[in-house]
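Inspection log for the structure reproduced underneath, given as structure tokens.
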Amino acid sequence: MSPENSHTPAQAALLPALHAMQDRHGYIPTQAIAQLAKDHNVSRAEVLGVIGFYHDFRLEPPGRTRLRICRAESCQAVGGERLAEHAVERLGLDWGATSTDGRYTLEAAYCLGNCACSPAITLDGTLYGRVDPERLDALLAEKDET
Ligand code: FES
């Protein structure tokens, strides 16, 4: 079943509002859940269900640097898993977690649309291809200097 078929029309209508809110705040503030439910004539549980269905929505503010690593097939086939393990170890974070100092958020993505240049990542929204652990370290070091 595709995501479009797994929600009711009212739940699906939430998606633009959720995207707009996350674009504005970087996450979906929990205080906004009740108003979103009221505006779209759904329950708060339904709002949370839609948020939970998609990896991209967050209920907490992200870190100052947001690293997303593609864990889909094309990237995995050419070193993506080694890259992912390196990122987890280097940052000391689980997937979806933010460091206690608020510096980094590490997220998994399932295709960043850059399969021809796998493994792919985004760093604060900028797409990079053919990233290996050494290049990731260099990109993070550049971020640390800014
Ligand atoms: S599978 Fe990684 S960018 Fe498409």
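Filter the stretch 104-120 for residues that are on the phi < 0 side of the Ramachandran plot and near the ligand (Cβ under 9 Å from one of its atoms) and give the result. Write out each step before concluding.
Step one: filter the stretch 104-120 for residues on the phi < 0 side of the Ramachandran plot, giving 104-110, 112, 114-120.
Within the stretch 104-120, 109, 110, 112, 114, 115, 116, 117, 118, 119, 120 meet the criteria.
If the Cβ limit is 8 Å and pairs must be 6+ apart or interchain, which residue in the stretch 109-130 that is of a type in the set (Lys, Arg) pairs with which residue that is within 7 Å of the ligand (Cβ to nearest atom) and not in a strand (DSSP E or B)?
130/118; 130/119
Only residues that are over 29 Å from residue 99 (Cβ atoms) and either under 17 Å from the mean Cα position of the chain (by Cα) or not in a helix (DSSP H, G or I) (or both): list them for the stretch 18-61, please. Step through it out loud before you land on a result.
Filtering the stretch 18-61 for residues over 29 Å from residue 99 (Cβ atoms) gives 34-35, 37-46.
Once the filter is applied, which keeps residues that are over 29 Å from residue 99 (Cβ atoms) and either under 17 Å from the mean Cα position of the chain (by Cα) or not in a helix (DSSP H, G or I) (or both), the stretch 18-61 yields 41, 42, 43.
Checking residue 71 against (1) at negative phi; (2) not assigned by TED's automatic domain parsing to the domain that holds residue 135, which test does it fail?
That leaves (2) as the condition not met.
Restricting attention to the stretch 94-103, does a residue exist that is basic (Lys, Arg), surrounded by 17 or more Cβ atoms within 10 Å (Cβ to Cβ), closer than 21 Å to residue 25 by Cβ and more than 16 Å from the ligand (Cβ to nearest atom)? Write out each step before concluding.
From the stretch 94-103, those basic (Lys, Arg) are 103; that's our starting set.
So of that shortlist, the ones also surrounded by 17 or more Cβ atoms within 10 Å (Cβ to Cβ) come out as none.
For the stretch 94-103, residues basic (Lys, Arg), surrounded by 17 or more Cβ atoms within 10 Å (Cβ to Cβ), closer than 21 Å to residue 25 by Cβ and more than 16 Å from the ligand (Cβ to nearest atom): absent.
Mind telling me which of the residues 81, 85 ends up being surrounded by fewer than 13 Cβ atoms within 10 Å (Cβ to Cβ) and assigned by TED's automatic domain parsing to the domain that holds residue 131?
On the way: 81 fails: surrounded by fewer than 13 Cβ atoms within 10 Å (Cβ to Cβ).
Exactly one residue qualifies, and that residue is 85.
The values are calculated or read from the model by the stated rules, or taken from the named source; none is laboratory data. No experiment lies behind these values; they were computed from the predicted model shown. Note: ideal-geometry Cβ built from the backbone for every residue, glycine included; neighbour counts use all protein chains shown.
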